[in-house]
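Here is the structure we will look at.
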Amino acid sequence: MNAQLIAIFVLLVFSAVFSATETAYTSLSFIQLKTLENKKTHSARLAYALCQKRDVLITTVLVGNNVVNLSVSSLVTTYAIEMFSSKAVGYATGLLTLVILVFGEITPKQIALSHNTKIATFMAYPIRFLTIILYPVIWLLRNISHLITRLFSSSIEPTITTEGVMHMVDAAENVGLVDQYESDLMQRAIHFSETQVKTIMTHRTDVFCISDEFTIRQAFPSIVQSGYSRIPIFHKNIEDIIGIVLVRDILKAQLEKKLDASIASIIRKPVFVPEQMHLDDIFYLFKKSKLQQAIVLDEYGGFSGVVTMEDVAEQLFGELYDEHERRYPDRIVEREQQPGTYLVMADTSFLQLVDELSLPYTNTGSKTSTVAAYLMDLTGDIPHEGDVLQSRLGTFRIISMKGNRMEEVEFSPAVDDATL
């Protein structure tokens, strides 16, 4: 009798251990797994190795847990019949169910959620031992499970996604591990390689250029007034950019008293890049070639705009200003009088809007670059000042236009589904 009670107690302990082990391993996050992989202890690395074969791990734990629970149920039934006759079996079964639920499932699993790494490491060798001795049973159950699984699921969702990483960064900011600036920096870095040059370039309509017909003396006042240190030079029309002139080369020509020479005599060979080039590629190009500016071409080979190293850096660190540069307002500003409504610069990167306001947008390979481009794709036309546009992201209202070009829009993420 005493032996039966001891056996029941031991089996209940094993039930709790298997339940805690199951929860500990299944609750390990990607970061915790990488931590286990990089630890020097053999048990931590073994725990990581077990997690790489989750189907084997889960099958082993479940087999062990079910064998223990069935065994304790049989012993309790036998003990109840011997002590109180068959009429007590129902009461014993109910009591056992309550005990297993509280002490064999809920409590150990709650403990495992708080100490999953320690429990996974501690149980690594016992679980590895069970996977070896139970291999035939595990192999059979795995194959049966795989056959059934294929009927309902043909593809496996990726473990790590961009959206998941973004949520991890937000979670780290919420618990105080990183501040808002660091969170914004990490989110921008995630989308850095996805962003195309056309999103950040200075459009041709805003580019200051000079004709190669001017002499250095003729061009010098305009260059000084512009405030730029690198100026594209064109031949006959702006579509034909032939080079870039540096202010320091103009100053050098002034010292050498060559101001009457053609400005084309001091130009440097330009670097041409397509609109579709990604920021990581152009950043590497700038570093490799020791450049600060490139000429952007559209798909027809026409002049589209210019992009600088500063433009690329601003995608990571936000707007950068020098001593003589006019400071522009932030690109996305919440209105004080209307909380939840934002004033957005139309040339703001569309992904920046999605990230900063946590909008429910899934990138399906769309070539949308700016907020203005998104709205024009939405309407299929050039909107007018005061137009209100509805989308799945929210409500947009055109605040100001400069000719046919959008300058500012008002955006409210709250949208009535009935209007869609």
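The values are calculated or read from the model by the stated rules, or taken from the named source; none is laboratory data. Since the model is a prediction, treat every value here as computed from it, not as a measurement. Virtual Cβ from ideal backbone geometry, glycine too; neighbours counted across all protein chains shown. For the accessible areas, the whole protein counts, side chains as well, though only heavy atoms, and no ligand, DNA or RNA atoms are used. Shrake-Rupley method; radii C 1.70, N 1.55, O 1.52, S 1.80 Å.
Looking at residue 48 and the list (1) closer than 18 Å to residue 136 by Cβ; (2) surrounded by 20 or more Cβ atoms within 10 Å (Cβ to Cβ), which single condition is not satisfied?
(1)
Can we say residue 259 is part of a loop (DSSP other than H, G, I, E, B) and either modelled with pLDDT under 90 or surrounded by 15 or more Cβ atoms within 10 Å (Cβ to Cβ) (or both)?
It is true that residue 259 is part of a loop (DSSP other than H, G, I, E, B) and either modelled with pLDDT under 90 or surrounded by 15 or more Cβ atoms within 10 Å (Cβ to Cβ) (or both).
Does residue 223 count as assigned to a helix (DSSP H, G or I) and either open to solvent by less than 40 Å² (accessible area, probe 1.4 Å) or of a type in the set (Ser, Thr, Tyr) (or both)?
yes
Have a look at 99, 89 and point out the one that is at pLDDT below 80, over 36 Å from the mean Cα position of the chain (by Cα) and among the aliphatic types (A, V, I, L, M).
89
Could you list, in sequence order, the residues of segment 160-181 that are outside any helix (DSSP H, G or I) and hydrophobic (A, V, I, L, M, F, W, C)?
Passing the criteria: 160, 175, 177, 178.
Quick check, is residue 252 without any contact (Cβ under 8 Å) to a residue 60 or more places away in the chain, part of a helix (DSSP H, G or I) and closer than 19 Å to residue 195 by Cβ?
No, not satisfied.
When you check residue 320 against the structure, is it of a type outside the set (Phe, Trp, Tyr), surrounded by 15 or more Cβ atoms within 10 Å (Cβ to Cβ) and outside any helix (DSSP H, G or I), yes or no?
So residue 320 does not fit the description; no.
Conditions first: (1) over 18 Å from residue 358 (Cβ atoms); (2) open to solvent by less than 70 Å² (accessible area, probe 1.4 Å); (3) hydrophobic (A, V, I, L, M, F, W, C); (4) in contact (Cβ under 8 Å) with a residue 24 or more places away in the chain. Residue 214 passes all but one, so which condition is the exception?
So residue 214 meets the others, but not (2).
Per-residue answers, yes or no, for (1) open to solvent by 60 Å² or more (accessible area, probe 1.4 Å); (2) assigned to a helix (DSSP H, G or I); (3) touching a Cys at 6+ places or on another chain (Cβ under 7 Å); (4) aliphatic (A, V, I, L, M):
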| position | (1), (2), (3), (4) |
| --- | --- |
| 188 | yes, yes, no, no |
| 194 | yes, no, no, no |
| 264 | no, yes, no, yes |
| 283 | yes, yes, no, no |
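So is residue 368 at pLDDT below 85, more than 21 Å from residue 333 (Cα to Cα), open to solvent by less than 50 Å² (accessible area, probe 1.4 Å) and not in a helix (DSSP H, G or I) or not?
yes
When only residues in segment 52-74 that are over 19 Å from residue 123 (Cα atoms) and either small (Gly, Ala, Ser) or modelled with pLDDT under 85 (or both) count, which is most open to solvent (accessible area, probe 1.4 Å)?
Here the answer is 74.
Do we have residue 325 as touching a Phe, Trp or Tyr at 6+ places or on another chain (Cβ under 9 Å), open to solvent by 60 Å² or more (accessible area, probe 1.4 Å), at pLDDT below 85 and in a loop (DSSP other than H, G, I, E, B) here?
no
Please go through (1) part of a loop (DSSP other than H, G, I, E, B); (2) at pLDDT 90 or above; (3) not acidic (Asp, Glu) for residue 399 and return the number of the only condition it doesn't satisfy.
So residue 399 meets the others, but not (1).
Checking residue 28 against (1) part of a helix (DSSP H, G or I); (2) open to solvent by less than 80 Å² (accessible area, probe 1.4 Å): exactly one of these is not met. Which one?
That leaves (1) as the condition not met.
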